[in-house]
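Remarks on the structure that follows.
The values are calculated or read from the model by the stated rules, or taken from the named source; none is laboratory data. Remember, predicted model here, so these are calculated numbers, not experimental data. Every residue, glycine among them, receives a Cβ derived from its backbone with ideal geometry; neighbour counts consider all protein chains shown.
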Amino acid sequence: MWDLHASVLAAAAAGAGAAHTQKVNVAQEDAVDAAIRRSIDDLGGRLDILVASVGVTGLNGAVKGYPGSDWRKVFDVNVKGAFYCNRAARWRTAATVASSTSPRSRARKATRTLRPTVRPRRQ
């Protein structure tokens, strides 16, 4: 289990009974790559599944006054962070990878694939 904030991580891990935890900023590509390597090492050399449930909400307010720096933080975590986690796990293992950054992706079942698949968008 990973989180940026140690106190949140400790509470979540205690509630979930997590065997492995790390403080990680998923918006940083190098941090995710290093964390995946540490997790795989700490979990006996293999990773069977990754659930990349990353996300922050950002500010609630009008777009007119929404600071660009706050939007970049939301995008960096929610989009780039999910991508970095999935990519790091996918290319280091034959893991089942699931991402839950949108309602549509949460509704899909995780599938085991050897290569990334591009599917046509439904109309």
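At a glance:
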{"quantity": "Near pairs, Cβ below 8 angstrom, 6+ apart or cross-chain, from segment 1-23 (without any contact (Cβ under 8 Å) to a residue 40 or more places away in the chain and in a helix (DSSP H, G or I)) to any residue that is crowded, with 16+ Cβ neighbours inside 10 Å and of a type in the set (Asp, Glu)", "calculated": "LEU9/ASP3; ALA12/ASP3"}
{"quantity": "Test: residue in segment 67-81 that is in contact with a strand residue (DSSP E or B) (Cβ under 9 Å, 6 or more places away or on another chain) and modelled with pLDDT of 90 or more", "calculated": "yes"}
{"quantity": "Scope segment 12-51; condition more than 17 Å from ARG90 (Cα to Cα), loosely packed, with under 13 Cβ neighbours inside 10 Å and among the aliphatic types (A, V, I, L, M); matching residues", "calculated": "ALA14, ALA16, ALA19"}
{"quantity": "Condition broken by ILE36, with the remaining ones in (1) in contact with a strand residue (DSSP E or B) (Cβ under 8 Å, 6 or more places away or on another chain); (2) of a type in the set (A, V, I, L, M); (3) modelled with pLDDT of 90 or more satisfied", "calculated": "(1)"}
{"quantity": "Segment 57-93, residues that are polar (S, T, N, Q) and surrounded by 14 or more Cβ atoms within 10 Å (Cβ to Cβ)", "calculated": "ASN78, ASN86, THR93"}
{"quantity": "Where LEU9 falls short, out of the listed (1) touching a strand residue (DSSP E or B) at 6+ places or on another chain (Cβ under 6 Å); (2) within 22 Å of ARG90 (Cβ to Cβ)", "calculated": "(2)"}
